[in-house]
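> What follows is a single structure, and I will ask about it in a moment.
The values are calculated or read from the model by the stated rules, or taken from the named source; none is laboratory data. Please read all numbers here as calculations on a predicted model, not as lab measurements. Please note: Cβ atoms are built from the backbone with ideal geometry, for glycine as well, and neighbour counts cover all protein chains shown. Ligands, DNA and RNA are excluded from the accessible area calculation, which covers all protein heavy atoms including side chains. Shrake-Rupley method; radii C 1.70, N 1.55, O 1.52, S 1.80 Å.
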Amino acid sequence: MQRILVKELNKYIDKDVKIQGWIHRIRRLKAITFLILRDRTGLVQCILDNSQYSEKLTLESVISIDGIVKEGNNKLNNFEVQINSFELLNSVEHELPIEINKENLEINLDTMLNNRVLSLRHNKVNSIFKIQNIIVNGVREYLSSNDFTEIFTPKLVSEGAEGGSEVFKLDYFEQQAYLAQSPQFYKQMMIGAGFERVFEIGHAYRAEEHNTSRHLNEYISIDLEVGFIKDEYDIMKIEEELLKYVLGKLENEGKEYLDLLNIELPKVLNEIPKLDFNEVLEILKTKFDRTDLDGDLDPESEKQIYKYCKEELNSEFLFVTNYPRRKRPMYTMPLGEKGTKSFDLLFRGIEITTGGQRIHDYDMLISNMKYKGVDPENYKSYIDTFKHGMPPHGGLAIGLERLTTRLLGLENVREASLIPRDRTRLLP
């Protein structure tokens, strides 16, 4: 008999079925035992005559049940399964390190991550990644339908795209290599190759030694790059439309998961507010007495400007533009002597996107590299691309885990990482 999923059982009233899954809950009475079976689509109550009962029926054991679907009135569904026979496919012989059949997973974060596979069976934890999957699918759908080509770039590189020391070094035969901080160089090279619009959803690596609730050392980056732009505002417009599409998809396809987590999605207005970096500094100085910021926003100032944005601009999103040249990477298009045609997108008090217009002129790129103290000879394969006809272009990168964390109101970005890697964690 072919297996039937829980969500399909309402089509099989008074019919024989085979269902398979994990034993989620057990309640034994005098004559019968109620088993709650869980598969990837939901829970169903099953009724077992105690003459068939076995002590090997334990929580989280994997079971196959042959039975008949009957109408019934219980908390889960308007049907239940009368068990004719069952087979234990795999019995849990050891005590479970965490209880996952409660409404909330009442454990600390380390315990959750140390028992990651088991914790992911909990419906609320599992829902985080069902939502994340919808986000990724939405990004792919929107970009693919707008003539973007998905690319897959190397994660073993000879130089870090962002420069600096925050790269993981490794031996690559007779050479030294690094784990890619970003696909930035390759995105730009593909613009020069004539694709004009490209995106990648893939891993990125940062050897940052801090161990905070907002940082991962391995994370998923949603990157896109666009050729023949006018300026950085073209890129911001694309992100606005992308976010509207993804949020609409979540509303349509993720309702059961959002309801389970009690999440209200944010609204993207017709246009996300934009403030120049210097305007932001002035607001922070006037409203919050912040005079200690040097060329960038710290986590506290991001929260403070969010408070201002929510109260004064009625938006949970804010584009901050024109970051100082000395704080942006070498490929960022300058704006005057000190500024850049760059932006960050802040969402509910944390930066989730960095983007902007890139330098497309070879001589300007060489000049800006020298300004940043970077030796162009170390980036020859990258900068040679700019000798052969590079159009004006720009792009952005969105941190998937950070976006998920802010959407769902999670306390720590590790909760939005399937198998997180941070300063101390290499297992599981």
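> List pairs: first in the range 136-150 and in the same structural domain as residue 398 (by the TED database), second part of a strand (DSSP E or B) and open to solvent by 70 Å² or more (accessible area, probe 1.4 Å), Cβ under 6 Å, 6+ apart or cross-chain?
Short answer, once both residue conditions are applied: 147/197; 148/197.
> How many residues, within the range 290-307, are touching a residue at least 24 places away in the same chain (Cβ under 8 Å), more than 26 Å from the chain's Cα centre (by Cα) and open to solvent by 40 Å² or more (accessible area, probe 1.4 Å)?
0
> Do we find that residue 139 is part of a strand (DSSP E or B) and surrounded by 15 or more Cβ atoms within 10 Å (Cβ to Cβ) in this structure? Can you show your working first?
Working: part of a strand (DSSP E or B): no; surrounded by 15 or more Cβ atoms within 10 Å (Cβ to Cβ): yes.
The answer is no for residue 139.
> Which one is farthest from residue 395 (Cα to Cα) among residues in the range 285-337 that are of a type in the set (Lys, Arg) and assigned to a loop (DSSP other than H, G, I, E, B)?
Within the range 285-337, the first condition is being of a type in the set (Lys, Arg), and the residues that meet it are 285, 287, 290, 303, 307, 310, 325-328.
Next, only the ones that are assigned to a loop (DSSP other than H, G, I, E, B) stay: 290, 328.
On the way: 290: 31, 328: 14 Å.
The residue in question is 290.
> Suppose the filter is modelled with pLDDT of 95 or more, closer than 30 Å to residue 11 by Cα, hydrophobic (A, V, I, L, M, F, W, C) and in the same structural domain as residue 16 (by the TED database); does residue 129 pass it?
The answer is no for residue 129.
> Assuming residue 351 fulfils every condition listed in (1) part of a loop (DSSP other than H, G, I, E, B); (2) under 30 Å from residue 237 (Cβ atoms); (3) in contact with an Asp or Glu (Cβ under 7 Å, 6 or more places away or on another chain) apart from one, which condition is it?
(1)
> Could you tell me which numbered condition residue 318 fails, if it satisfies all but one of (1) in contact with a helix residue (DSSP H, G or I) (Cβ under 6 Å, 6 or more places away or on another chain); (2) at pLDDT 95 or above; (3) open to solvent by 30 Å² or more (accessible area, probe 1.4 Å)?
(3)
> From the set of residues in the range 373-428 that are closer than 30 Å to residue 334 by Cα and polar (S, T, N, Q), which is least open to solvent (accessible area, probe 1.4 Å)?
Step one: list which residues in the range 373-428 are closer than 30 Å to residue 334 by Cα, which gives 373-403.
Those left that are additionally polar (S, T, N, Q): 378, 381, 385.
On the way: 378: 80, 381: 91, 385: 29 Å².
Result: 385.
> Inside the range 69-84, can you point out the residues that are in contact (Cβ under 8 Å) with a residue 12 or more places away in the chain and not charged (D, E, K, R)?
69, 72, 74, 76, 77, 78, 79, 81, 82, 83, 84
> OK, next. With 226, 268 as the choices, which residue is open to solvent by less than 60 Å² (accessible area, probe 1.4 Å), within 30 Å of residue 137 (Cβ to Cβ), of a type in the set (Val, Ile, Thr) and assigned to a strand (DSSP E or B)?
Details: 268 fails: assigned to a strand (DSSP E or B).
Going through 226, 268 in turn, the sole match is 226.
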